[in-house]
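These notes are about the structure you will find just below.
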Amino acid sequence: MNVTASALDVKALSVRLGGTDVLHDLTFSVPKASCLAVIGPNGVGKTVLLKALIGALPCTGEIRWAADTVLGYVPQKLDIERDLPLTAGDFLRAKAALSKASSAEVSRALRAVALDESMLRQPIGSLSGGQFQRLLVAFALLGQPNVLLLDEPAAGVDEPGQAQLQQVIRRLQDTEGMTVLLVSHDLSVVYRHADSVLCLGRRRTCLGPPRTVLSPEMLQELYGAALSYHVHDDT
Amino acid sequence: MSTTTLEMLALSVSMAVAAGLIGCLAIMRRMVLAADPLSHVALPGIGVALLLSWHPLAGALLMLLLAAVLVWAIERRTRIAIEAIIGVTFSVALAVGSVITSGEQLIDALLGSPGTLSGWEVGLGLAGPLIVIAFVLRGRDAMVVALVSPEIALTSGVNVKRMDLYFLLAFALTVGLGLRYLGVLLMGSLIIIPAAVARRLARGLNAMFAISVGTAVLSTIAGYYLAARAGLHSGPFIVMIAGGLFFLSLLRRQ
């Protein structure tokens, strides 16, 4: 019997919204402690897929998370006014209370995303885009999740901020054995970090390791235009 | 000060605490303006209650709670913005209410008329704010997380839809509790204005709750005092003082 543990098994997943099939008949698995990247042009349903996986959208098919799954979710963008009188500490304390996380766990989550505890006193409106995104990752880490769903976590963040975020995610995977589902438009990041890539296209979907999936021909078909990306040297 | 006045003050202050707290959550959910049209739905409830010889407050509360459930159900099914649903539903309610309520009853309903309170009204007037205060204090963490992202709240074990319903019911209950003192026209103000003051002055969540409650309570006590001296309805005084505090808050640079 094959006992390779899956964090997630998805079979024949379809999502229909407003009379339109956004996702149709998706089947894939995500092994534990691996990173699945979801790529594709805007509007193909990448965010819809993540929302369906956490049960926020109605769908058909089968979604089976491993029994011990604890989810952490970082949304693509927040529909929240940044000038509300809320501090970073208010945010984290609320999540910590729900997750029954101790103050030590809050400190650890902040350290994991390289944010200083003094940040807790700052209103969220005063945080930079990169700091706010890292705060959201810290938010997701409370409650000791073993699966992280990241929906374009680096969107709108400057390059140093993006690099810092990528390091954080990579470190979490390496040190905590976290399973990661990552929606990203940055193909270089996908190439470097993902163990497998799920491409959502308007005409077809594909699944495989980055070296196979991120071929010029496949990208041309997926995005309808020639794309190139830079593969960074890891050393 | 007579016992009745003390009783009345205790009831209105506890209502003000509830209004200050629920207003903070409403302003964070961008539905603080909903308090105004929501209070209008009480009017047909008062009208129907008078036609059936019920107590007006019972009709108003029942109609408000039913309306909260209706708004919640429409939002779930249609995904129309909640403010739009409340705006449409309750403008219609105001029109219906003004037709079936008339004369002095209408003026009392619009501006509030504390009058003499029966035993059950005093009980409800104290128990209602306690329910709202307990809901806000217990539910604030879930509300804040859902405010950041309903999806994060979902993955944190929060039943977001149920919480939305409870919030609307608490909101409607708060409006209902204040109708006796402030009336249909002004009750929304005691939810909107203190929260708006707090939003301007506070830097964190606890401070926001404290400033909002403080503003609501101060306006209520001072409004009662001035109204008693002038021998007029307290509602307009309460709202004018809250409004004055809001304009004072504008002096602070952000």
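The values are calculated or read from the model by the stated rules, or taken from the named source; none is laboratory data. Note that this is a predicted model, so its numbers are computed, not measured. Ideal geometry is used to build each Cβ from the backbone, glycine not excepted, and the neighbour counts take in all protein chains shown. Heads up: the accessible areas ignore ligands, DNA and RNA and are worked out on the full protein's heavy atoms, side chains in. Shrake-Rupley method; radii C 1.70, N 1.55, O 1.52, S 1.80 Å.
Cross-link partners for A:K32 among the lysines, with Cα-Cα distance under 18 Å and sequence neighbours closer than 8 places in the same chain left out: A:K11.
Label points 7 Å out from Cα along the Cβ direction at B:L52 and A:V70: separation in nm? Roughly 5.0 nm, to one decimal. The magnitude of the dipole of the protein assembly as shown, with charges of +1 and -1 set on the Cβ of Lys/Arg and Asp/Glu and taken from the Cα centre, is near 300 debye. Rounded to the nearest 0.05, what FRET efficiency is calculated for B:A228 and B:V69 with R0 set to 22 Å and r the Cβ-Cβ distance? The value I calculate is 0.05. The mean of 1/r over all pairs of different alpha-carbon atoms in chain B, once inverted, gives a Kirkwood hydrodynamic radius of 18.2 Å. Principal-axis analysis of the Cα atoms of chain A puts helix A:88-99 at an angle of about 70° to the longest axis. Working from Cα positions, state the angle (0 to 90°, nearest 10) between the long axis of helix A:129-141 and the longest principal axis of chain A. Its long axis makes an angle of about 90 degrees. Once the trypsin sites (Lys or Arg not before Pro) in DSSP loops with at most 15 neighbouring Cβ atoms within 10 Å are cut out of chain A, the longest remaining piece is A:101-201. Within the listed set A:L23, A:L200, A:L120, the residue fluctuating most in the Gaussian network model of chain A (springs between alpha-carbon atoms under 10 angstrom) is A:L120.
Kirkwood's formula applied to the C-alpha pairs of the protein assembly as shown gives a hydrodynamic radius of 24.9 angstrom.
Between A:K100 and A:T60, residue separation times 0.36 nm minus the direct Cα-Cα distance comes to 11.1 nm. The residues of the protein assembly as shown present an accessible area of 45 Å² per residue when probed at 1.4 Å with all protein chains retained.
If a paramagnetic tag sat 7 Å from the Cα of A:R82 along the Cα-Cβ line, which residues of the range A:123-143 would have the backbone N under 13 Å from that point? Zone members listed by number: A:123-134.
Within the listed set B:V148, B:V48, B:V213, the residue fluctuating most in the Gaussian network model of chain B (springs between alpha-carbon atoms under 10 angstrom) is B:V148. Per-residue ellipticity at 222 nm, computed for chain B from helices alone with -39500 (n - 2.57) per DSSP H run of at least four residues, works out to -28500 deg cm²/dmol. Shown for the range A:33-70: residues covered by the partner protein chains by 30 Å² or more of accessible area relative to the chain by itself (probe radius 1.4 Å), namely A:I54.
Can you give me the span-like helices of chain B, meaning DSSP H runs with 15 Å or more of Cα extent along the axis and Kyte-Doolittle mean at or above -1.0? Flagged H segments are B:3-28, B:56-78, B:82-100, B:119-148, B:160-201, B:205-230, B:234-249.
Think of the range B:3-249 as having a plus end and a minus end, set by charges on the Cβ of Lys, Arg, Asp and Glu; of B:V197, B:G231, B:S14, B:V197 sits farthest toward the positive end of this dipole.
Each DSSP beta bridge with both residues in the protein assembly as shown is either parallel or antiparallel, and the antiparallel ones are about 50%.
Have a look at the range A:95-119 and report residues whose accessible surface goes down by 10 Å² or more when the remaining protein chains are included, against the chain on its own, probe 1.4 Å, ligands and DNA/RNA excluded. Residues shielded by partner chains are A:K95, A:A97, A:L98. Interface residues of the range B:138-182, defined as those losing at least 40 Å² of solvent-accessible heavy-atom surface relative to the isolated chain (probe radius 1.4 Å), are listed as B:D141, B:V144, B:V145, B:L147, B:V148, B:E151, B:I152, B:L154, B:T155, B:S156. GNM on chain A, alpha-carbon springs under 10 angstrom: the most fluctuating residue among A:L78, A:L181, A:L222 is A:L78. Taking the convex hull of the alpha carbon positions in chain A and averaging its projected area over all directions gives 14.3 nm². Listed by chain and number, the lysines whose C-alpha is less than 25 Å from the C-alpha of B:K161, apart from same-chain residues fewer than 8 away, are A:K46, A:K51, A:K77, A:K95, A:K100. In the context of the full protein assembly, A:D83 retains an accessible surface of approximately 100 Å², using a probe radius of 1.4 Å and ignoring ligands and nucleic acids.
Dividing the summed -39500 (n - 2.57) terms of all DSSP H runs of n ≥ 4 by the residue count of chain A sets its mean residue ellipticity at 222 nm at -10000 deg cm²/dmol.
Working from label points 7 Å from Cα in the Cα-to-Cβ sense, the B:V99 to A:R202 distance is 5.0 nm. The accessible area of A:I63, taken with all protein chains in place and a 1.4 Å probe, comes to roughly 50 Å².
Protein heavy-atom surface of chain B, 1.4 angstrom probe: 68% of the accessible area is carbon and sulfur, with nucleic acids and ligands not counted. Spin-label model, B:N159/B:L6: points 7 Å from Cα along the beta carbon direction are separated by 4.3 nm. The interface between chain B and chain A buries about 2200 Å² of solvent-accessible area in total (1.4 Å probe, ligands and nucleic acids excluded).
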